[in-house]
1. List the pairs whose first member sits in the stretch 67-90 and is closer than 11 Å to Glu56 by Cα, whose second member is open to solvent by 60 Å² or more (accessible area, probe 1.4 Å) and at pLDDT below 90, and whose Cβ atoms are under 7 Å apart, counting only residues at least 6 apart or on separate chains?
2. Report every pair of residues separated by at least 6 positions or lying on different chains whose Cβ atoms are under 8 Å apart, first residue within the stretch 24-49 and farther than 14 Å from Leu72 by Cβ, second among the charged types (D, E, K, R) and part of a helix (DSSP H, G or I).
3. Can you tell me which condition Gly51 does not meet? The list is (1) at negative phi; (2) touching a strand residue (DSSP E or B) at 6+ places or on another chain (Cβ under 9 Å), and all the others hold.
4. Which of the residues spanning the stretch 73-87 are open to solvent by less than 40 Å² (accessible area, probe 1.4 Å) and at pLDDT 85 or above?
5. Going by the structure shown, is Pro13 in a loop (DSSP other than H, G, I, E, B) and modelled with pLDDT of 90 or more?
Amino acid sequence: MTTARSSATRVDPLTTDQVLALPALVPVWPSGAAACGGLSRPSAYKLARAGEFPVEVVPIQGRYFCRRSDLLAFLGLDGIAVTQHDAPAQ
């Protein structure tokens, strides 16, 4: 027996450029979940509450956030973020 999943609670994974363009602090859902491979909303919050989200979760006033820098490190993109997206325009 298979169970049906609602696509309304799932996000597509982000591209490298989308992850690099995220702000410094992003909500676990949907941005953090999408950066971590497209986790569903229930899975993202379950992992966050259990302390098992792929990156450190920062709780702020009852909401869960994660740092862009942690997402970049998790994805192996931390070395290119500054050079491509945070460098001042010339």
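1. These pairs meet every condition: Ser69/Asp78.
2. Every condition considered, the pairs that remain are Trp29/Arg41; Pro30/Arg41; Ala33/Arg41.
3. (1)
4. Answer for the stretch 73-87, where residues must be open to solvent by less than 40 Å² (accessible area, probe 1.4 Å) and at pLDDT 85 or above: just Leu77.
5. Numbers: in a loop (DSSP other than H, G, I, E, B): yes; modelled with pLDDT of 90 or more: no.
In short, no.
The values are calculated or read from the model by the stated rules, or taken from the named source; none is laboratory data. Note that this is a predicted model, so its numbers are computed, not measured. Because the Cβ atoms are built from the backbone with ideal geometry, glycine has one as well, and the counts that use them run over all protein chains shown. To get the accessible areas, we keep the full protein, side chains included, count just its heavy atoms, and leave off ligands, DNA and RNA. Shrake-Rupley method; radii C 1.70, N 1.55, O 1.52, S 1.80 Å.
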